[in-house]
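Taking it in order: structure first as structure tokens, then the write-up.
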Amino acid sequence: MWQHSVDNPVPSISNFGYTLHGISDVNGDGYGEVVVGDPYGCLSGSCLYYKGTVTLLSGLEGATIWSVESEEDCDKVPSLDHIWNQGCNFGFSLGSTGDLDEDNKEDIIVGAQGYDGFDPDGANPTEQYYQDVGKVYVYSSSDGSLLWAKNAGLIENIDYGYGIGVKHDG
């Protein structure tokens, strides 16, 4: 057994462990790994709103294999909600996919239901942003590199990525 603590630059808003997902062995030690979501997390120390983080931990010893923070500029839409409802909420939901990058390891899918969509062709700059569109990302479990990302288009408050379910072929 092990425990893992997070060194979050803004610890009062961290919610490390909000979501958890187990995946097969990534680092070759013979033990499965643990994917941890923190939809309020911040690795960079410069998060105005809740960007969110995802961390892959060794299932054997709990050591960090890699961590990623949302790369999005969260909350372009001024929210009428309370501050805790603002942000991308990257890591709000987690799942695993098949081996999309062909490295013989399953990959990780991450939901960010608070992501705000952007319409660069909007006629009025104040109406170019769409609140809580949501976005889903897929990362390589080997190194945490982004494989692809998709949002729900420009439909406000759809919260795409709120929950994740994966149907494998075969």
task: May I ask for the net charge around Gly91, where only other residues with Cβ less than 11 Å from the Cβ of Gly91 are counted and Lys, Arg are +1 while Asp, Glu are -1?
output: -1
Long-range HN-HN contacts of Ile65 with modeled amide H, under 5 Å: Leu56, Leu57, Ser58
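Rule-based calculations on the coordinates, nothing more; no lab input. The shown structure was predicted, so the numbers you read here are calculated from the model rather than taken from an experiment. Please note: Cβ atoms are built from the backbone with ideal geometry, for glycine as well, and neighbour counts cover all protein chains shown.
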